[in-house]
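The values are calculated or read from the model by the stated rules, or taken from the named source; none is laboratory data. The shown structure was predicted, so the numbers you read here are calculated from the model rather than taken from an experiment. With ideal geometry, Cβ positions are generated from the backbone for all residues, glycine too; neighbour counts draw on all protein chains shown. Surface areas here come from the heavy atoms of the whole protein model, side chains and all, with no ligands, DNA or RNA. Shrake-Rupley method; radii C 1.70, N 1.55, O 1.52, S 1.80 Å.
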Amino acid sequence: MSKERLAIAVDYYDAQGDADKNVIPEAVLKRLHFRQALTPDSSKLILVMVGLPARGKSFISHKLLAFLAWSGSRTEIFNAGQHRRGRASSDDSPDLSAHSRSEFFSQKNKTASGLRNQIAMATLDELLDWFATGGGDIGIFDATNSTRERRRALVERTAEVARAIGETISIVFIESICEDVDVLEANMRAKVRASPDFAGMDENEALADLQARVANYEAVYEPVVDEEGAYIKLYDISAKVSARHVFGRMSQRVLPYMMSLHIGLRPVFLAALPAGYSSRTSTGSDGESSPVEGGSFAREVARWVQSSMQGSSLRLLSSTQPSAVQASQVISAESGCISPTHRSGLNPLDTGEVLGLDREARLASMGFAERYPGGESFADLVRRLEPCVLDIEASMEPVLILAHATPCRALRAYFMRIPVEECMGAASSAAACALTNASNCVVELRPSISGRWTEQVHQLVATPRQSSFSSIGLRAEGGPQPAVAC
């Protein structure tokens, strides 16, 4: 480029220019005013699921519930299918026991069509009543919502209630589109095996009925379009995400999480470093491990990884604490997994002025937003762990988390769908006990195709030549929390 042309380029991009020439066209201003109307935070948010049957809407709904509730938002799912089945079992409602078959979902069946619309609006009213009575912040409306007419009715009813209760309620449509034949078949088989609609049916018969149901919906299905408002579209539950007009504090947290989702079945391992000396004096944390302790534990974990993974690839995430960095390097070198990634979000909870045994006692009794004097709250810890959760969810490979007790317990709360404040104390469960800083354990979290997780505790046992492990316990998500002494 000549000096003259370079000077012109610099002037164009870098010069201050004449203020009188900085005029934005009227058409652009109109768009900016529209953007300004969308940007302010709403007090309430409804995530309206859209999609044909067996497209993963309930999978997405429950994943969103886990993430948003863990993050501190009062969130609930309102499922139209459950409402329909609930009415079927009611004494004063029409008998819907036969209306889980494909004929009930045909638009030619005018009686059933009207009843489905009634159920949908009744489910929405339940969600809006929950808002009106102060029950929560984010409602997830899980239904097909397959036509623009239905979605328009939802928007109008929501606007009417919002005016009546004096709240600002935003709606974001979340459309799940599945075009991959293999993903669709997996979704269908998962649905017929788990849904009460197909209980007692032969699997092939159930699949045929579900396919007929899908065909009934396909005959009238209308994708979400720009004119309908804010939306997020997820393709094949991993392949692609598109979005429009997703602004505001709560909505913006949903979009990056949606981009991380997939249905791969890879485990997550949590390992809490043993406690040793602390480099902190005036404030406290979980306790920094000494190099000897951290290295010994790391070698035990490395040998366990080798025996358990059997050559499979593994991602390793650690905190930026010196002992965690050193231990992650040992594990990486001795187990052959890829180079570790260090994240400050995995650093221990800052307990401020609270030291010694008082730290653990407070962990078991603190509320979610309660703060250690001069330190952090569980809400603070969760907020900085959110990028780590997105990283873990997006990973297609098994992930090993190497950190101290508090971040490991908070991550476990997300996967097992337990309120954070209920599982931060060591005595809240066997797995929480295993995530103390002296347990020499690895907690394995394993997903199912439904999005639920189970956990198993592996006790590392040191021997002169190798490390084996014993299984302490297996717990399904939502199961009982045994009290244990640690």
| remark: Contact list, first residue from the stretch 303-322 and surrounded by 17 or more Cβ atoms within 10 Å (Cβ to Cβ), second anywhere and among the β-branched types (Val, Ile, Thr) and assigned to a loop (DSSP other than H, G, I, E, B), beta-carbon distance below 9 Å, six or more apart or interchain, is Leu314/Ile338; Arg315/Ile338; Leu316/Ile338
| task | Considering every residue within the stretch 424-433, establish whether at least one is among the hydroxyl-bearing types (Ser, Thr, Tyr), open to solvent by 10 Å² or more (accessible area, probe 1.4 Å), in contact with a Pro (Cβ under 9 Å, 6 or more places away or on another chain) and more than 24 Å from Thr75 (Cα to Cα). | result | no
| said: Tell me whether the stretch 161-169 contains one or more residues that are surrounded by fewer than 20 Cβ atoms within 10 Å (Cβ to Cβ), modelled with pLDDT under 90 and not in a loop (DSSP other than H, G, I, E, B). | reply: no
| message | Any residue at all in the stretch 185-192 that's open to solvent by 50 Å² or more (accessible area, probe 1.4 Å), touching a Phe, Trp or Tyr at 6+ places or on another chain (Cβ under 8 Å) and under 15 Å from Ile60 (Cβ atoms)? | response | yes
| note | All conditions in (1) at pLDDT 90 or above; (2) touching a strand residue (DSSP E or B) at 6+ places or on another chain (Cβ under 9 Å); (3) part of a helix (DSSP H, G or I) are true of Gln82 except (1)
| Sole exception among (1) surrounded by fewer than 18 Cβ atoms within 10 Å (Cβ to Cβ); (2) more than 24 Å from the chain's Cα centre (by Cα) for Asp180, by number | (2)
| field | Residues satisfying the stated conditions in the stretch 193-213, i.e. surrounded by 17 or more Cβ atoms within 10 Å (Cβ to Cβ), within 27 Å of the chain's Cα centre (by Cα) and in a helix (DSSP H, G or I) | value | Asp197
| note | When the stretch 220-253 is checked residue by residue, the ones that are among the small types (Gly, Ala, Ser) and either surrounded by 15 or more Cβ atoms within 10 Å (Cβ to Cβ) or in contact with a strand residue (DSSP E or B) (Cβ under 6 Å, 6 or more places away or on another chain) (or both) are Gly229, Ala230, Ser238, Ser242, Ala243, Gly248, Ser251
| query | Just a yes or no: is a residue in the stretch 130-144 in a helix (DSSP H, G or I) and open to solvent by 60 Å² or more (accessible area, probe 1.4 Å)? | reply | no
| query | For the stretch 49-59, how many residues are of a type in the set (A, V, I, L, M), buried (at least 24 other Cβ atoms within 10 Å of the Cβ) and at pLDDT below 95? | reply | 1
| Condition test on Ala369, is it touching a Ser or Thr at 6+ places or on another chain (Cβ under 7 Å), surrounded by fewer than 24 Cβ atoms within 10 Å (Cβ to Cβ) and farther than 29 Å from Glu300 by Cα? | yes
| Exclusive hit being in a helix (DSSP H, G or I) and either crowded, with 20+ Cβ neighbours inside 10 Å or in contact (Cβ under 8 Å) with a residue 60 or more places away in the chain (or both), set Leu402, Leu381 | Leu381
| message | Residue pairs, Cβ under 6 Å, 6 or more apart or interchain, first in the stretch 171-188 and assigned to a helix (DSSP H, G or I) and modelled with pLDDT of 85 or more, second crowded, with 20+ Cβ neighbours inside 10 Å and not small (Gly, Ala, Ser). List them. | response | Leu184/Cys178; Met188/Leu210
| In the set Glu228, Glu218, which member is modelled with pLDDT of 90 or more and touching a Lys or Arg at 6+ places or on another chain (Cβ under 7 Å)? | Glu228
| message | Based on this model, can you work out whether Ile119 counts as within 19 Å of Gly51 (Cβ to Cβ), open to solvent by less than 40 Å² (accessible area, probe 1.4 Å), part of a strand (DSSP E or B) and in contact (Cβ under 8 Å) with a residue 12 or more places away in the chain? | response | no
| Is it true that Glu353 is in contact with an Asp or Glu (Cβ under 9 Å, 6 or more places away or on another chain), touching a residue at least 12 places away in the same chain (Cβ under 8 Å) and either of a type in the set (Ser, Thr, Tyr) or open to solvent by 30 Å² or more (accessible area, probe 1.4 Å) (or both)? | no
